[in-house]
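The values are calculated or read from the model by the stated rules, or taken from the named source; none is laboratory data. None of these values were measured; they are calculated from a predicted model. Positions of Cβ are backbone-derived with ideal geometry, glycine not excepted, and every protein chain shown enters the neighbour counts. Ligands, DNA and RNA are excluded from the accessible area calculation, which covers all protein heavy atoms including side chains. Shrake-Rupley method; radii C 1.70, N 1.55, O 1.52, S 1.80 Å.
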Amino acid sequence: DVSSPKHGKVDPDNMPHVGGNMWAGGTGGRDTAGLGGKGGPYRLDAGHRVYQVSQAEKDAVPEEVKRAAREMGEKAFKRRLKEIQMSEYDASTYERFSGAVRRQVQSLRIILDNLQ
């Protein structure tokens, strides 16, 4: 069961973590920032293979936990914008322009990775 969203502990060795309720950047878990899980405050990619919980499990997260996760994610987003000296308007403008070329940038990254 989910209880309350949190960032989670950071693994100094960046080992892959699947499931559980402890590690930031893990996959398929609960309550912590990561990918493929449920009840976490925001997505956090540590570069590992993603294990996805079912949509039914995600839908079963209590509304108060979803609300707390959204609030925590919003606070983290605003804190990050402040760190990089970017306003919410700047962020939305950046997202608009970035989104327009996202597929092309991804294709270019794949090409450059293959050339290396």
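So with the 1.4 Å probe, I'd like the accessible area per residue for the stretch 1-84, rounded to whole Å². Walk me through the numbers before you get to the answer.
Working: 5510 Å² over 84 residues.
On a per-residue basis, the stretch 1-84 sits at 66 Å².
Divide by every residue of the chain the summed helix terms, -39500 (n - 2.57) for each DSSP H run of at least 4, and state the resulting mean residue ellipticity at 222 nm, rounded to the nearest 500 deg cm²/dmol.
On the way: 3 runs with 54 residues, N = 116.
Using -39500 (n - 2.57) per qualifying helix, the result is -16000 deg cm²/dmol.
Evaluate E = 1/(1 + (r/R0)^6) for Ser54 and Val105, where r is the Cβ-Cβ distance and R0 equals 25 Å; express this FRET efficiency to the nearest 0.05.
On the way: r = 31 Å, r/R0 = 1.25.
Between Ser54 and Val105 the formula returns 0.20.
Along the charge dipole of the chain, which of Gly37, Gly19, Tyr89 sits closest to the positive end, that is, farthest toward it, with unit charges on the beta carbon of Lys, Arg, Asp and Glu (+1, +1, -1, -1)?
Tyr89
For the stretch 39-116, which trypsin sites (Lys or Arg not before Pro) pass both filters: DSSP loop (anything but H, G, I, E, B) and at most 15 other C-beta atoms within 10 Å?
Arg49
Please build a GNM for the chain, connecting alpha carbons under 10 Å apart, and tell me which residue among Gly34, Gly19, Gly99 fluctuates the most.
Gly99
Determine the relative contact order of the chain: mean sequence separation of Cα pairs under 8 Å and six or more apart, normalised by residue count, in whole percent.
Working: 182 pairs, mean separation 20.0, N = 116.
In percent, rounded to a whole number, it is 17.
Leaving out ligands, DNA and RNA, what percent of the accessible area of the chain is carbon and sulfur, probe 1.4 Å? Each step should come with its number before you reach the end.
On the way: 4560 of 8640 Å².
Of the solvent-accessible surface of the chain, carbon and sulfur hold 53 percent.
What is the percent of Cα-Cα separations in the stretch 1-75 that go past 16 Å?
Numbers: 1098 of 2775 pairs.
Looking at the stretch 1-75, the distances longer than 16 Å represent 40 percent of pairs.
Kindly state, to the nearest 0.05, the FRET efficiency for Lys66 paired with Leu115, given R0 = 25 Å and r defined as their beta-carbon distance.
Using R0 = 25 Å, I get an efficiency of 0.05.
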